[in-house]
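The values are calculated or read from the model by the stated rules, or taken from the named source; none is laboratory data. These numbers come from a predicted model, not from an experiment. All Cβ positions, even for glycine, are placed from backbone atoms using ideal geometry, and neighbour counts span all protein chains on display. Areas reflect the complete protein model, heavy atoms only, side chains present, ligands, DNA and RNA absent. Shrake-Rupley method; radii C 1.70, N 1.55, O 1.52, S 1.80 Å.
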Amino acid sequence: MEANTSSKTSGVPSLLANVEVSHLDGFDTTTPMQSPKPVLHPDTGRMRPPERVAPRSEAVIPAFDSPFNPPGQRSGHPVSISLPSSPTGFGEPLVAPGGDLHERKQAMSNAAQEPAQHVRFVQPHRVMFRSQPNPGGVPTHAVRRMGSRGGRTMNRDKRYDSFKTFSGKLERQITHLAGGGVPVSTPEEEEFAQGQGEAVSGDNVDRFFAALEGPELDKLKSSEELALPADKKWPFLLRFPISAFGMCLGVSSQAILYKTIATAAPTEFLHVNPKVNLVLWFISVGLMSIITAAYAFKIIFFFEAVRREYYHPIRVNFFFAPWIACLFLAMGVPPSVATQLPPWLWYALMSPFLCLELKIYGQWMSGGQRRLSKVANPSNHLSVVGNFVGALMGASMGLKEGPIFFFGVGVAHYTVLFVTLYQRLPTNATLPKDLHPVFFLFVAAPSVASMAWAKIVDEFGVGAKLAYFIAMFLYASLAVRINFFRGFMFSLSWWAYTFPMTGAAIASIRYATVVDNAFTKALCVGLSLLATLTVTGLFATTMVHALVYHDLFPNDIAIAITDRKMKPIMELQESGKDDDSRSGSSKDVEAGATAAVAPEA
């Protein structure tokens, strides 16, 4: 009863009023450890209310510096702070870690005797770890990968992997066949494959016709971008184009020219030493070996780049150039090296021609985007002139049926190509200035055709003269347009001057053997001298750009075109068409329903 009476008068249960907590070590409380009994009000007998405690909003939190920001500067992003589980961490007075337990209790009791006006958060003596979001840097999984591989993955540039032969799908297939299982792609590799690998994949082989401004231009549209970095120089093999074989055509044709000058009757008065032919032939063999080896390494290590060149509307014609250069080397071989070539050599060199022609000429007839009216450009003459060069070499070796076959195929397709190039459609873009030299390829085919037909019929008759006169007229029509071949920077396309000019000079010497007069001799000397000066000047300029300026092989943007920016537009247009069709069908349904309801009304 007394207990109940006292509890009612005090307003606090006796268990809570008489409980003592000072003897409990480690109990979390803001009151001192030696807490007296609650003081009752003398008039009312109730417990005196405690002093005002500042709310949480008024608590003072010390500023701290982020390890990612300069000292004294607060971070602009939201920070999450890890607070202790109770306010004792902030309410404890600062005591040296080496002090004993009695000193700590005495300091706490002294602090409790002071009136508590507000709660003051004090920086504790021990280190506190506050968690906050990282403003940037390498993700955690990337750090693990880097640590597991020793940091070597950060030094290798993966942007060229999609062009490499032994990477991507082929590498994974080899690993699987070797019993290693299929490697699991990491999120970074998958993201890279989606961003870069798919952009350079070979699924869309007609991408050049949508990306280039005209089939002849290696210039990107404003809506296109490169799949490889444009701000740095790419590996050499990616920058080495198939058009480099044009140098072999120019130098090896010079070997044939000086062999003809040294042995032909109209040019005997020049007294040219046959050793000139020998020196030029060895230079041609060395140049051919270097360029062939470089492109062979490109086929081995960057096959995707070679594949993209094959589907390029201009580069595909230069795949005939290596074999034409080999034919030139066979025809220009010095007598001191070989006097007669075996017939099997002709068949070995013309077999690749036949395979390429079956593919290219078939596309010209029924190739869709690769039909002749779509891709016609002067470089297509390379795919035709090889027929006449092969016919000339076969006839010189005593063959009959094979040379006639290739001569007939060449005449048929040259006629179609000549007409197509003359009447270029208004929708086709004009050639840029950098490609103006390839117009001289118009002269190459009829010049070689005249010599080939003369060898087949064993005389420089009417048919050979017709082809020769056509070549001379085209040569003159281009020579008088001097401004047409000025005002552009040097590039490998300049070598297109050399082979047709040399072919015209050799054809003039053959013609002068039949029509021997002062004019034809002067024509032979003039064209031969012009061809020699052109080849010499171009060879010197090429060496300067290769060894001094180091800009002979710039980044080849033609093999790195991606149409990733085009896909969203196409998808948007397709979705718009679908929406229009759906809205149109819904309108038809509504119209049919209205018509059905109208009679009933």
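Which count do you get for residues in the stretch 297-328 that are of a type in the set (A, V, I, L, M) and surrounded by fewer than 19 Cβ atoms within 10 Å (Cβ to Cβ)? Steps first, please.
Quick first cut of the stretch 297-328, residues of a type in the set (A, V, I, L, M) only: 299-300, 305-306, 314, 316, 321, 324-325, 327.
So of that shortlist, the ones also surrounded by fewer than 19 Cβ atoms within 10 Å (Cβ to Cβ) come out as 299-300.
Counting residues in the stretch 297-328 that are of a type in the set (A, V, I, L, M) and surrounded by fewer than 19 Cβ atoms within 10 Å (Cβ to Cβ) gives 2.
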Can you tell me which residues in the stretch 508-528 are within 19 Å of Ala444 (Cβ to Cβ), open to solvent by 40 Å² or more (accessible area, probe 1.4 Å) and of a type in the set (A, V, I, L, M)?
Leu523
Going by what's in this entry, would Lys359 be described as surrounded by fewer than 19 Cβ atoms within 10 Å (Cβ to Cβ), in a helix (DSSP H, G or I), more than 28 Å from the chain's Cα centre (by Cα) and among the charged types (D, E, K, R)?
no
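Quick check: anything in the stretch 403-424 open to solvent by less than 20 Å² (accessible area, probe 1.4 Å), touching a Leu at 6+ places or on another chain (Cβ under 9 Å) and either under 17 Å from Trp323 (Cα atoms) or aromatic (Phe, Trp, Tyr) (or both)?
Looking through the stretch 403-424, at least one residue is open to solvent by less than 20 Å² (accessible area, probe 1.4 Å), touching a Leu at 6+ places or on another chain (Cβ under 9 Å) and either under 17 Å from Trp323 (Cα atoms) or aromatic (Phe, Trp, Tyr) (or both).
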Could you please find all residues in the stretch 279-296 being surrounded by fewer than 15 Cβ atoms within 10 Å (Cβ to Cβ) and among the aromatic types (Phe, Trp, Tyr)?
Phe282
Residue in the stretch 466-482 that is least open to solvent (accessible area, probe 1.4 Å), counting only those that are more than 22 Å from Ala452 (Cβ to Cβ) and not aliphatic (A, V, I, L, M)
Ser477
Check whether at least one residue in the stretch 443-453 is open to solvent by 60 Å² or more (accessible area, probe 1.4 Å), in a helix (DSSP H, G or I) and modelled with pLDDT of 90 or more, and report yes or no.
yes
Could you list, in sequence order, all residues of the stretch 329-339 that are touching a residue at least 40 places away in the same chain (Cβ under 8 Å) and either closer than 17 Å to Val389 by Cα or open to solvent by 30 Å² or more (accessible area, probe 1.4 Å) (or both)?
Leu329, Ala330, Met331, Gly332, Val333, Pro335, Ser336, Val337
Only residues that are aromatic (Phe, Trp, Tyr) and surrounded by fewer than 16 Cβ atoms within 10 Å (Cβ to Cβ): list them for the stretch 223-243, please.
Phe236
With criteria (1) of a type outside the set (Lys, Arg); (2) surrounded by 15 or more Cβ atoms within 10 Å (Cβ to Cβ); (3) part of a helix (DSSP H, G or I), Phe460 comes up short on (3)
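Pick out the one residue from Leu425, Leu421 that is part of a helix (DSSP H, G or I), modelled with pLDDT under 95 and either at negative phi or of a type in the set (Ser, Thr, Tyr) (or both).
Values: Leu425 fails: part of a helix (DSSP H, G or I).
Going through Leu425, Leu421 in turn, the sole match is Leu421.
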For the stretch 364-384, which residues satisfy the criterion of being open to solvent by less than 30 Å² (accessible area, probe 1.4 Å) and either over 32 Å from the mean Cα position of the chain (by Cα) or modelled with pLDDT under 90 (or both)?
Gly367, Leu372, Val375, Ala376, Asn377, Pro378, Ser379
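Test Phe484 against the stated conditions and say whether it is under 18 Å from Thr534 (Cβ atoms) and either not hydroxyl-bearing (Ser, Thr, Tyr) or not in a helix (DSSP H, G or I) (or both). If you could, list the steps in order and put the result at the bottom.
Working: under 18 Å from Thr534 (Cβ atoms): yes; either not hydroxyl-bearing (Ser, Thr, Tyr) or not in a helix (DSSP H, G or I) (or both): yes.
Yes; evaluated as a whole, the condition is true for this residue.
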